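J.: Below: one structure in structure tokens.
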Amino acid sequence: MAELCRYYACSAEEAENIAEILRLLAPVKRAGASIIWEGAMPKFSRRSLEKLSSCDPELQRLFKRVIQKVDCTILVGHRTRAEQERLYKLGRSRLHWPHSKHNSTPSRAVDVAPYPISWDLRDPKTLKRYYYLAGFVLGTAREMGIPIRWGGDWDMDSDLSDQHFYDLVHYELV
Ligand SMILES: [Zn+2]
């Protein structure tokens, strides 16, 4: 136990907990299986998964990979006619039904926000998290050979300041 205390630089009580965990894991280790700490890996909520299931299989594949490393929430997959027209009126979409990629079945677009969600995009702290997520998504998509476009760089020229319309949650298949 003293050895554990030294190794983990922890108290005797914490060492006791660690020893207990190691005891529980011993059979797994003997079986040669690797251990993934459930708590360390983000995963989608049931609502996120439901929304993602309305999307093209390629988008599903991509975001199921993304969630393994960076926590995020699926906001919208497929969008109905009524919802599309409502957003158009609010100026939050530039397109009438059925011209948004969210309108196809399955949806060829998905809106995703970093988790925990914060909406105040005037706050630089919040804004950075959206760009951070996008970089990770775009890199992962490239690695997987899935061609996508992001609403923070529509022409995908890596100039993030030349958009007429910023839609930082929006990812679509090209
Ligand atoms: Zn969108």
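The values are calculated or read from the model by the stated rules, or taken from the named source; none is laboratory data. Quantities reported herein were computed from a predicted structural model and do not represent experimental measurements. Note that we place each Cβ from the backbone using ideal geometry, even for glycine, and neighbour counts take in every protein chain shown.
J.: Out of all the residues in the range 101-120, which are at pLDDT below 95 and either of a type in the set (G, A, S) or over 23 Å from the mean Cα position of the chain (by Cα) (or both)?
T.: Of everything in the range 101-120, just one residue is at pLDDT below 95 and either of a type in the set (G, A, S) or over 23 Å from the mean Cα position of the chain (by Cα) (or both), namely S118.
J.: Could you grab me the full set of residues in the range 51-86 that are farther than 18 Å from N103 by Cβ and of a type in the set (D, E, K, R)?
T.: R61, K64, R65, K69, D71
J.: Then there is this: Can you say whether R86 is assigned by TED's automatic domain parsing to the domain that holds S45, of a type outside the set (A, V, I, L, M, F, W, C), under 20 Å from the mean Cα position of the chain (by Cα) and at pLDDT 95 or above, as far as the supplied structure shows?
T.: no
J.: OK, next. Of the numbered conditions (1) crowded, with 17+ Cβ neighbours inside 10 Å; (2) without any contact (Cβ under 8 Å) to a residue 60 or more places away in the chain; (3) within 11 Å of the ligand (Cβ to nearest atom), D153 fails exactly one; give the number of that condition.
T.: Among (1) crowded, with 17+ Cβ neighbours inside 10 Å; (2) without any contact (Cβ under 8 Å) to a residue 60 or more places away in the chain; (3) within 11 Å of the ligand (Cβ to nearest atom), D153 violates only (3).
J.: Then there's this: Would the range 128-140 turn up any residue that is more than 19 Å from the chain's Cα centre (by Cα), away from the ligand (no atom under 14 Å from the Cβ) and in a helix (DSSP H, G or I)?
T.: No, the conditions are met nowhere in the range 128-140.
J.: In addition: For the range 62-83, which positions are more than 14 Å from the ligand (Cβ to nearest atom) and over 21 Å from Y131 (Cα atoms)?
T.: R81, A82
J.: Further question on the same structure: Among the residues in the range 84-102, are any under 20 Å from Y166 (Cβ atoms), among the hydrophobic types (A, V, I, L, M, F, W, C) and away from the ligand (no atom under 14 Å from the Cβ)?
T.: no
J.: Give all pairs with beta carbons closer than 6 Å in which a residue from the range 43-58 that is assigned by TED's automatic domain parsing to the domain that holds C72 meets a residue that is of a type in the set (K, R); count only pairs at least 6 apart in sequence or on separate chains.
T.: Short answer, once both residue conditions are applied: D56/R108.
J.: Are there any helices (runs of 4 or more DSSP H) wholly within the range 1-106 with 3 or more residues that are surrounded by 13 or more Cβ atoms within 10 Å (Cβ to Cβ), and if so which?
T.: Numbers: elements: 2-8, 12-30, 46-52, 57-66, 81-90.
Qualifying helices (runs of 4 or more DSSP H): 12-30, 46-52, 57-66, 81-90.
J.: Name the pairs: first residue in the range 88-109 and at negative phi, second residue of a type in the set (D, E) and not in a helix (DSSP H, G or I), Cβ to Cβ under 7 Å, at least 6 apart or on different chains?
T.: K101/E172; P106/D56; S107/D56; R108/D56; R108/E172; A109/E172
J.: Something else: Residue by residue through the range 134-162, note down the ones that are in contact with a strand residue (DSSP E or B) (Cβ under 8 Å, 6 or more places away or on another chain) and farther than 19 Å from R108 by Cα.
T.: D159, L160
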